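Report on one structure; see the data block that follows.
Quick note: the coordinates plus some simple rules give every number you see, no bench work behind them. Not measured: the values here are computed from a predicted model. When we count neighbours, we look across all protein chains shown, and the Cβ atoms used for this are built from the backbone with ideal geometry, even at glycine.
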Amino acid sequence: MTSDPRRLALALGLAASLMAAPPARAQFSLGDQRSGTSSGTFLKIGVGARAAALGDAFVAVANDPSAIFWNPAGLASEQRQELQLSHVDWPADVRYEHLACVLPVKRIGGSVGFQFGVLGTRIDETTESKPYGTGNSFVYSDAVAGVAYARRWTDKLLIGAGLKWVHEDLGTDVGGPSTSAWLVDLGSIYYLGYGSVRIATSLTSFGAQLKPSGTYVSPYTGEQRSYDGFDPPTVFRYGLAFEPVENPQQRLTVSIEANQPADNAQQLKTGLEWTWQRRLALRGGYNFNADALKYAAGAGLYFSVGQTHASLDYAYTGAASLGAVNRLSLDMRF
């Protein structure tokens, strides 16, 4: 249990202040007009069942390999080699497979992380004259590969940065284009010195437009045109997390986060994680102003095989009329 009541009161006060301002703006639709203006939007699909079960409020928690997605600074908190395999069942038969690993390297005074993800589905080809299908199908796929570095600059401050390559195959099987770009991730976590309270920020998927090379012939005018470019789905996150309860038997983590995506309105998210004896974890999260993907819940089981410590995590997110999003993750720490 947090030993100083004043520290707990301060933590709760910080949480309340973070929640107070964004909802006043979140009740408006400012930013909604930017929906659909970015490319590479698969980069907004959260990886890691644990983070998803917290309602994606993970920027200030970020202490497993999925930190390379949410906040690369969190990689510096890893003390051992760790590997995470993540699977996402997205609506419309879309699958997203993601691998992330962390390697602490004493020689360079920090941790190095790697990630590789592939999203894909098969789509039936349609035309104006055959709206129900031509009998052909094609593969739509996205891929991301990247590396990140993080270190503790002081006993309270963690800093991290990452570089990733993003590729979209927009139906090359049927004459469609493809596009690629290099994007940057930045992040920080700062412990305030009051119990376990920490604040965090991250800027992810920042970079140049994704624009297909080459030209195409307009089916309406017959003229040759160049493809338009679209910005990547950059997101600025800031939030805080703390443990009001922490002892050998149990641990309760509270996380609150605000997101400002470049292609949508601001969002406010919160999550809770209760861990019992480092064997079982129950989690829940809520996105206050999302149209879908509002509620999230999940659980985790911790176990050991020899010298390898592992966890199996599951997350469920309700997607309203789209159904549900299910995630599974396996973490192994060596």
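Over all distinct Cα-Cα pairs of the chain, the Kirkwood formula returns a hydrodynamic radius of 21.0 Å.
Name the most mobile residue of 62, 145, 200, meaning the one with the largest mean-square fluctuation, in a Gaussian network model of the chain with Cα contacts below 10 Å. For the chain, modelled as a Gaussian network with Cα springs under 10 Å, the answer is 145. Full extension of the segment from residue 127 to residue 304, taken as 0.36 nm per residue of separation minus the current Cα-Cα distance, would add 58.4 nm. Taken about its Cα centre, the stretch 119-202 carries a charge dipole of about 700 debye when Lys and Arg each add +1 at the Cβ and Asp and Glu each add -1 at the Cβ. Relative to the 2.2 N^0.38 Å rule of thumb, the stretch 231-305 has a C-alpha radius of gyration ratio of 1.34.
Only residues of the stretch 76-97 count here: report those whose backbone N is under 18 Å from the spot 7 Å along Cα→Cβ of residue 116, or say none. Label zone hits: 82-88, 96-97.
Extension gain, residue 249 to residue 206: 0.36 nm times the residue separation minus the Cα-Cα distance gives 11.4 nm. The loop-placed trypsin sites (Lys or Arg not before Pro) in the stretch 274-325, going by DSSP, that have at most 16 neighbouring Cβ atoms within 10 Å of their Cβ come out as 278, 279. Per residue, the convex hull spanned by the Cα atoms of the stretch 93-142 measures out at 78 cubic angstrom.
Computed FRET efficiency, Cβ-Cβ of residue 108 and residue 274, R0 30 Å: what is it to the nearest 0.05? According to the calculation, E is roughly 0.25. Taking the chain as the region of interest, the number of lysine pairs whose Cα atoms are within less than 22 Å, with members eight or more places apart or on different chains, is 7. Computed about the Cα centre, the dipole magnitude for the chain is approximately 1280 debye when only Lys and Arg (+1) and Asp and Glu (-1) carry charge, each at its Cβ.
The sum of -39500 (n - 2.57) across all DSSP H runs of n ≥ 4, divided by the residue count of the chain, sets its helix-only mean residue ellipticity at 222 nm to -3000 deg cm²/dmol.
Suppose R0 equals 41 Å; then what is the FRET efficiency for residue 99 and residue 221 from their Cβ-Cβ distance, rounded to the nearest 0.05? The computed FRET efficiency comes out at 0.35. The alpha carbons of the stretch 103-190 give a radius of gyration and a Dmax of 20.2, 65 Å, in that order.
With the charge dipole of the chain set up from +1 on Lys and Arg Cβ and -1 on Asp and Glu Cβ about the Cα centre, the Cα lying farthest toward the positive end among the listed residues 179, 259, 41 is that of 259. Just so you know, the averaged projected area of the alpha carbon convex hull for the stretch 56-98 sits at 3.4 nm². If you fit an axis through the alpha-carbon atoms of helix 5-26 and take the longest principal axis of the Cα set of the chain, what angle between them do you get, 0 to 90°, nearest 10? The two axes meet at around 20 degrees.
Computed from the C-beta positions of residue 312 and residue 167, the FRET efficiency with R₀ = 22 Å rounds to 0.15.
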